[in-house]
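Peer 1: First the structure, then my questions, so here it is.
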Amino acid sequence: MVIEQIFVIAFIVLAINSTMWEGNIFSFIKRFGDKHLPVFIQKPLYDCYICSVPYYGSVAYYFIYQHELKTWVITIIGAMGVNAVFFLISNKD
């Protein structure tokens, strides 16, 4: 059950971040952020789908699962790991 939650949260965060890529519906957020926001805010907001998991993933987890703290921690850390694997695969030469 936790494995399923990990992948669901990881894909939700990827989906949210992908809406802010250039040419997508919320790309104006990225354009605005690149000009006006410091890097430590850019990363979790739209620039790093690993860094976004604790924020977007926690909100999604609360609305979907509402389980205990231990399961939330495992799910969020696992989703960060899954997104790290996606990042490594997508940045291969």
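We did not get these values from a lab; they are worked out from the coordinates using the rules stated. Only a predicted model underlies this, so the values are computations on that prediction, with no experimental measurement involved. In this analysis, Cβ positions are derived from the backbone assuming ideal geometry, glycine residues included, and neighbour counts consider all displayed protein chains.
Peer 1: Roughly how big is the chain's charge dipole about its Cα centre, with Cβ charges of +1 (Lys, Arg) and -1 (Asp, Glu), in debye to the nearest 20?
Peer 2: On the way: 6 positive and 6 negative charges, 36 e Å.
Dipole about the Cα centre, nearest 20: 180 debye.
Peer 1: Pairs of lysines 8 or more apart, or on different chains, with alpha carbons under 24 Å: count those in the chain, would you?
Peer 2: The number of close lysine pairs in the chain is 4.
Peer 1: Please report the relative contact order for the range 1-82, taking Cα pairs under 8 Å with a sequence separation of at least 6, and give it as a percent rounded to a whole number.
Peer 2: On the way: 76 pairs, mean separation 34.1, N = 82.
Averaging sequence separation for qualifying contacts and normalising by length gives 42 percent for the range 1-82.
Peer 1: Please sort 31-44, 11-24 by packing, taking for each peptide the average over its residues of neighbouring beta carbons within 10 angstrom, highest first.
Peer 2: Numbers: 31-44: 12.4, 11-24: 15.4.
Highest to lowest by the protection proxy: 11-24, 31-44.
Peer 1: If you don't mind, another one. Measure of size requested: the Rg and Dmax of the range 41-93, with Cα atoms as the atom set and Å as the unit; please supply both.
Peer 2: 12.1, 41
Peer 1: Can you tell me which of Ile50, Ile76, Ile64 moves the most in a GNM of the chain? Springs connect C-alpha atoms under 10 Å apart.
Peer 2: Sorting by GNM fluctuation, first place goes to Ile64.
Peer 1: Convex hull over the alpha-carbon atoms of the chain: what's its volume per residue in Å³? Numbers along the way, then the final one.
Peer 2: Numbers: hull volume 9.5 nm³, N = 93.
So the per-residue hull volume is 102 Å³.
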